[in-house]
Amino acid sequence: MKLSSTSSQADDVRMRGFKQRSPVDDIISWLDQQSIHLQTETINIQDACGRILAEDITSNINIPSFSRSMMDGYAIKASDAQGASSYNQLQLDIVGKSMPGQGADVAVKPGQTVRIMTGAPLPNGADAVLPAENVEFHDDHIFIMESVAQGRNIGQPGEDIKQGHTVLQQGRRLRPQDIALLASIGYENIAILQRPRIKIIVTGNELLPVGSTPQGFQIVNSNGPMLEALARRDGADAGRSDIIKDNPEQLRDAMLSDCDVLLLTGGTSVGEEDFVPLLLAELGELTFHGVTMRPSRSTGFGKIGDTLVFLLPGNPVACLCAYDFFAGRTIRRFAGLLPQWPYPVVRKKLKHKISSIIGRTDYARVRRVDDQVESVSVSGAANISSTTVADGFVIIAADSEGYPAQADVDVFLYELPY
C-alpha cells in the first residue's frame, strides 16, 4: 500500500530515526493553547454523580423550611425548666405528640409539653427541646431533671441551607453528598458538561483481541483497555478500542472518526510499517513527532480538523507515560476538569540515586521501601509489570541529571484517592 504524495512531504523517520525531538514543555504549551469547546446536557440528578456541573446551583428554599427537633425528647418552654435538677424535679403535662411529616395539633402553654421525635416540627409555643434521657416519664406527665436554654436542640429555618444562596458552583465534580443536597432543595434535573468523545485505535499485525491467549509471535491488545480506563478516569466517554492492522488504507479510514480526541497507539516510531505519523500529516497536521523524554520518545501530536490526535507509543509503559503527560491533561480540560496530574503526591527520600541526562525528561517508576522510595526501572518501556510493581513515579526534569541518594523527591502515587 502506498501513501499519498501529501504524506510523503512529512519528515519520514521510518528506518532513519529522529533528526530532532521536541521538549516536553513545548508540547504541553501547545496543547494548553488548543481551544476547548465545552458542550452541556441536562440529566437526572440520580445519574449525575461524578459529572461536572455546567452552572451554579442556587437554592430557592430554606433547609430546614421549619423549626424542627434535633433529637427525640420533649418540646417545652425553656422558662418552665429554670432551676430544674435531679433534686428539684419540675412537672409538665404531656398534651400531644409531634411526628416527622405531621407535627402537633396543639400549642405548648406554660406547664405543658409535647412529645417530639427527631426531625419533627416544633409545636407553637415551644422554644426548646429536652432530650428524653433528661426527664422521668409518668403516664401523662414528665418530671424535668435538667434546665435547658431557649433554642436548645432546635434546627432553625435556613440553618442548613439559606434561600438564595449558591450551594454548588459551576465546574464542580459531583459527589454522592452533592446529589443528596440537590434532592433536598427540589432539583430533579441539572445541566452538566458532556463527556468528551474519545476514539481509541490500536494498530499492529501482531495484536489479538482482549480475552485471547498469546500464540506464536502474537500478543494481546493491552494498551487499548488501559487507555479506555484512563480516559474514563479523566471524565471521557470512551468506547472499546479498535484493533487495526498495519495497513495505510484501513488506518486512514479509522483515523477519520467523529470525536473530540483520537488516541492511536502503535505504529508511531521509526519501523518500516510505522505509517501513522505520515497518515496524520496527510489527513491533517502533524505538529510534533518525537519528544525529549524517556520513555515515550516516539510520541506524536497533531489535528485532523477539530479533532486533537495523540500518537502514543506501542510499548505499554511508554503508552501510559505519554497518555498521562499529554493526552490525559487535554482530556481533563475537555471534560471541564483541572488539567493537573490526577495522582496524590507525597514527599519521600530516595534510597538510591536516580540518574538522567540534561535535556531529557525521565519518568522513573518507584516503589516504597520502609519510609523511602527506590527506582523500579527508568527504562524498559515494554515491561508493564514495572508499573504494577511500582507504587508511583518520579519525574526527572529536563534540566536535571537526576537525584542523589537521600534526596527529597515528589512521588506521584498510582493509587487514586477514594
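For the reader, a short list of remarks on this structure follows.
- Strands (runs of 3 or more DSSP E) fully within the range 327-418 that include at least 1 residues being more than 30 Å from Q33 (Cα to Cα) and under 23 Å from the mean Cα position of the chain (by Cα): 345-350.
- Taken over the range 277-302, the criterion of being in contact with a strand residue (DSSP E or B) (Cβ under 7 Å, 6 or more places away or on another chain) and among the charged types (D, E, K, R) is satisfied by E285, R294, R297.
- Each residue in the range 241-277 was checked for being touching a residue at least 24 places away in the same chain (Cβ under 8 Å) and either more than 20 Å from L31 (Cα to Cα) or small (G, A, S) (or both), and 23 pass.
- Test for I179: is it under 25 Å from the mean Cα position of the chain (by Cα) and part of a strand (DSSP E or B): no
- Among residues of the range 351-373 that are among the aromatic types (F, W, Y), those with a beta-carbon under 6 Å from a residue that is assigned to a strand (DSSP E or B) at least six positions away or on a different chain give the pairs Y363/F393.
- Test: R232 is within 23 Å of the chain's Cα centre (by Cα) and not assigned by TED's automatic domain parsing to the domain that holds S296: no
- When every residue of the range 140-162 is checked against the conditions, none turns out to be surrounded by 18 or more Cβ atoms within 10 Å (Cβ to Cβ), of a type in the set (S, T, Y), in contact (Cβ under 8 Å) with a residue 24 or more places away in the chain and in a strand (DSSP E or B).
- Flag not set for G119, criterion: modelled with pLDDT of 95 or more, under 30 Å from A183 (Cβ atoms) and within 45 Å of the chain's Cα centre (by Cα).
- Selection count where residues are out of contact with any strand residue (DSSP E or B) (no Cβ under 9 Å at 6 or more places or on another chain) and of a type outside the set (F, W, Y), scope the range 171-220: 9
The values are calculated or read from the model by the stated rules, or taken from the named source; none is laboratory data. Everything quoted here is computed from the prediction, not taken from an experiment. Cβ: placed from backbone, ideal geometry, glycine included. Neighbour counts: every protein chain shown.
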